[in-house]
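My structure is below; once you've seen it, I'll send some questions.
The values are calculated or read from the model by the stated rules, or taken from the named source; none is laboratory data. Keep in mind the model is a prediction, meaning the values are calculated, not measured. A quick note on method: Cβ atoms are made from the backbone with ideal geometry, for glycine too, and the neighbour counts reach across all protein chains shown. Side chains included, ligands, DNA and RNA excluded: accessible areas come from the protein's heavy atoms. Shrake-Rupley method; radii C 1.70, N 1.55, O 1.52, S 1.80 Å.
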Amino acid sequence: MTDSMNPTSDDFASMFESSAAAAAMQEGQVVPATVIRIENDAVLVDIGLKTEGRIPLREFSMEDKQPEGGDIVDVYLDRIENALGDAVLSRDKARREERWIKLEKSFNANEPVKGAISGRVKGGFTVDLGGVNAFLPGSQVDIRPVRDVGPLMGEVQPFAVLKLDRARGNIVVSRRAILEESRAEQRAEIVSDMAEGDVRKGIVKNITDYGAFVDLGGIDGLLHVTDMSYKRINHPSQVVEVGQEVEVQIIKINPETQRISLGMKQLGSDPWDGMDVRYPVGARLKGVVTNITDYGAFVELEDGVEGLIHVSEMSWTKKNVHPGKILSTSQEVDVEVLDVDSDKRRISLGLKQTMDNPWSAFLAEHPIGTEIEGEVRGITEFGLFIGLGPDLDGMVHINDISWDQSGDQAIEAYNKGDVVKAKVLDVDVDKERISLGIKQLAGDPMESLNTGGVKRGATVTCTVTEITSGGIEVEFGEPAMKSFIRRSDLSRDRADQRPERFAVGDKVDAKVVQVDRGSRRVSLSIKALEIAEEAEAVAQYGSADAGASLGDILGAALASSGGKEAAPAASGDAEANGRLAAPQGDADDLKQIKGVGPAFEKKLNEAGIFHFWQIASMTDDQLAALEEEVGTSGKGADWKAEAEALQG
């Protein structure tokens, strides 16, 4: 009793060590335990501090051997003491903790881990990694989609850890990554034994729209449809089929992606070799239409050689027509070689070149100047299209419809379907154009004016065709030519400048004051004719310098011409120097002289000059005096020349 109440120093040391060990031992940790014995279905272990616990025997089922008394095993301490005073221990949890530590090391080292697919869940499968469950997405099971996963269930195999979150207990693994890595190693080994240009045998595994995949013994190569044959192929199934053994040539190897491009046509001779010699430009050949597109038709000239007939080279006359309306597939046609590009493997062919050029044929049959007849097929704002046969049209420009009417007016007289006559003006074979003219069927009125003696200053007899408020429209010459006499040119007397004093059909004489061949206009004036006749009368029957009045002179002229009575006296008599006190009739005559503007006209009027005929009749001395008076030096001679020209 005394000994128990008074412990020795060794007892204190033992108690201190037990206390320190108890302090170091915490719940939720893995601690070593000593197997005491096996009782029924439980294993009794001692974790120290005289603390024992029981672990179900089934938790040792995954061990290599059953535990025996004295074995040291790691256990997970849930609780140090339960209600019965025993420790709550677990071998499964201890093993799981060990597994997590190993998984973290493998994940950080990017090393694969072993596990077995244990079940199916939404979106994938569960994998047992030795006591820790992981998620295997369906897309990570295999390189290609797997329909039946049954053979893989329960099979221990390597997996790559894609994601690991210990706090949440979340692990994502991939079987596909392991397979791809293994496959890449195999591919690299196989590819290292291959070289571009090698000829290999393989089995067709799959066919697509763009080619076929060929198994070369552990690695696939792509045989593109364009490398199957030199001939045009619509689909790879025309050349190969799945399971067929084929001989191919390695065209290209991509060392980075390890993709292999294969070819079959490269094993045969290239039909494009020597193409320039066999198909010279200009040669005419026969071929078969193999394909028709929106832009033309392909024609096979021999096996593996096709040429293109562009839509523009199909017909001389049919423009903007789909090639399918001219040619059809499998049709045999005659073509002409237009161009050969061996580098680009292109041959340009022409179909229309094997036919006669309709424009050349038309020109040979209808030389320039030939008169033709045709139907109006179209009317546009710039002219008429005349049919010259089943496929040819000629155009009459609006400026070639009429000599005396504007194009807009002349074209209104024609309707679609009218049969008209025209003259061939030009045929441009290169531009495929035929120019026609309707007005050229009649002579050019301007040319007839020359032959008829109609020029500036001439007097013509006109027929009044229309009366307007601004003047009268007249017609003269043969062929008839129209002109317009303005109101101010109807008479020298303002009182007689009334268009209504004329009637349609009246014959009147007028003077040609201007002929503009560019605009094809002839300007007439009755007033200018009257003034010219007056000047002639002055020169022939008297002179104002002698004191005779203008009325006396005109009276004498009328009397000599058979007039019944002399003309009334002018409103003012000319002075000895050719001046007038007032204008006689219209005073706008001076404006017809070039260089006489409003300022000079005013000065000339102040000097008694109102009409150009006054300047035309002046002597040199009178003209010099006039120049000094109005302040124009050197212009008098030009004015006089202009005035004399106006007089004719």
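In the stretch 178-187, what count of residues is obtained for those that are surrounded by 16 or more Cβ atoms within 10 Å (Cβ to Cβ) and among the charged types (D, E, K, R)?
Filtering the stretch 178-187 for residues surrounded by 16 or more Cβ atoms within 10 Å (Cβ to Cβ) gives 178-179, 187.
Keeping just the survivors that are among the charged types (D, E, K, R) gives 187.
Selection size over the stretch 178-187: 1.
Kindly provide the set of residues from the stretch 312-340 that are closer than 20 Å to Arg284 by Cα, open to solvent by 40 Å² or more (accessible area, probe 1.4 Å) and under 24 Å from the mean Cα position of the chain (by Cα), ordered by number.
Ser312, Glu313
Considering the stretch 241-273 alone, what residues qualify as being more than 28 Å from Ser342 (Cα to Cα) and surrounded by 12 or more Cβ atoms within 10 Å (Cβ to Cβ)?
Correct list: Glu241, Val242, Gln244, Val246, Gln258, Arg259.
Moving on. Name the pairs: first residue in the stretch 104-121 and open to solvent by 60 Å² or more (accessible area, probe 1.4 Å), second residue of a type in the set (Phe, Trp, Tyr), Cβ to Cβ under 7 Å, at least 6 apart or on different chains?
Listed by first residue and then by second, the contacts come to Pro112/Phe159.
Something else: Only one of these conditions is not met by Asn357: (1) in contact with a strand residue (DSSP E or B) (Cβ under 9 Å, 6 or more places away or on another chain); (2) in contact (Cβ under 8 Å) with a residue 60 or more places away in the chain. Which number is it?
(1)
Then there is this: Tally up the residues in the stretch 598-638 that are assigned to a helix (DSSP H, G or I), touching a Lys or Arg at 6+ places or on another chain (Cβ under 7 Å) and within 23 Å of Glu534 (Cβ to Cβ), please.
Count: 4.
Oh, and also: Could we say that Gly374 is surrounded by 15 or more Cβ atoms within 10 Å (Cβ to Cβ) and over 30 Å from Val335 (Cα atoms) here?
yes
Separate question: Can you find, within the stretch 151-172, the residue that is surrounded by the most Cβ atoms within 10 Å (Cβ to Cβ) among those that are without any contact (Cβ under 8 Å) to a residue 24 or more places away in the chain and of a type in the set (D, E, K, R)?
Per the stated criteria, the residue is Lys163.
Among Asp294, Asp341, which is over 24 Å from Pro390 (Cβ atoms), free of Cβ contacts under 8 Å to residues at least 24 places away in the same chain and among the acidic types (Asp, Glu)?
When all the criteria are applied, what remains is Asp341.
I'd like to check something: does the stretch 515-528 contain any residue that is more than 18 Å from Ser406 (Cα to Cα), open to solvent by 50 Å² or more (accessible area, probe 1.4 Å) and modelled with pLDDT under 90?
Scanning the stretch 515-528 turns up no residue that is more than 18 Å from Ser406 (Cα to Cα), open to solvent by 50 Å² or more (accessible area, probe 1.4 Å) and modelled with pLDDT under 90.
Go through the stretch 413-432 and count every residue that is within 33 Å of the chain's Cα centre (by Cα) and of a type in the set (Lys, Arg).
Residues flagged as within 33 Å of the chain's Cα centre (by Cα) and of a type in the set (Lys, Arg) within the stretch 413-432 amount to 1.
Can you spot a residue in the stretch 208-230 that is of a type in the set (A, V, I, L, M), open to solvent by 40 Å² or more (accessible area, probe 1.4 Å) and in contact with a helix residue (DSSP H, G or I) (Cβ under 9 Å, 6 or more places away or on another chain)?
no
All but one of (1) closer than 19 Å to Pro112 by Cβ; (2) assigned to a helix (DSSP H, G or I); (3) not basic (Lys, Arg) hold for Leu164; state the number of the condition that does not hold.
Tallying (1) closer than 19 Å to Pro112 by Cβ; (2) assigned to a helix (DSSP H, G or I); (3) not basic (Lys, Arg), Leu164 fails exactly one: (2).
Same structure again: Taking the stated definitions as given, is Asp552 open to solvent by 40 Å² or more (accessible area, probe 1.4 Å) and either modelled with pLDDT under 50 or not in a helix (DSSP H, G or I) (or both)?
Judged against the criteria, Asp552 is not a match.
When you look at Arg175, is it under 30 Å from Arg120 (Cα atoms) and open to solvent by 40 Å² or more (accessible area, probe 1.4 Å), yes or no?
Spelling it out, it is not the case that Arg175 is under 30 Å from Arg120 (Cα atoms) and open to solvent by 40 Å² or more (accessible area, probe 1.4 Å).
Now for a different question. Against the condition at negative phi, open to solvent by 20 Å² or more (accessible area, probe 1.4 Å) and touching a Gly at 6+ places or on another chain (Cβ under 7 Å), how does Asp276 come out, does it pass?
Judged against the criteria, Asp276 is not a match.
Would you be able to tell me the number of residues in the stretch 190-225 that are in contact (Cβ under 8 Å) with a residue 12 or more places away in the chain and hydroxyl-bearing (Ser, Thr, Tyr)?
Of the residues in the stretch 190-225, 2 are in contact (Cβ under 8 Å) with a residue 12 or more places away in the chain and hydroxyl-bearing (Ser, Thr, Tyr).
Right, next: Looking at the stretch 370-390, is at least one residue touching a Pro at 6+ places or on another chain (Cβ under 9 Å), within 21 Å of Ile309 (Cβ to Cβ) and in contact (Cβ under 8 Å) with a residue 12 or more places away in the chain?
No, the stretch 370-390 contains no residue that is touching a Pro at 6+ places or on another chain (Cβ under 9 Å), within 21 Å of Ile309 (Cβ to Cβ) and in contact (Cβ under 8 Å) with a residue 12 or more places away in the chain.
Additional query: Of all residues in the stretch 608-638, count the ones that are open to solvent by less than 10 Å² (accessible area, probe 1.4 Å) and either within 60 Å of the chain's Cα centre (by Cα) or within 24 Å of Ala539 (Cβ to Cβ) (or both).
We begin by selecting, within the stretch 608-638, every residue open to solvent by less than 10 Å² (accessible area, probe 1.4 Å); these are 608-609, 611-612, 614-615, 618, 626, 630, 632, 636.
Retained after the next criterion (residues that are either within 60 Å of the chain's Cα centre (by Cα) or within 24 Å of Ala539 (Cβ to Cβ) (or both)): 608-609, 611-612, 614-615, 618, 626, 636.
Count: 9.
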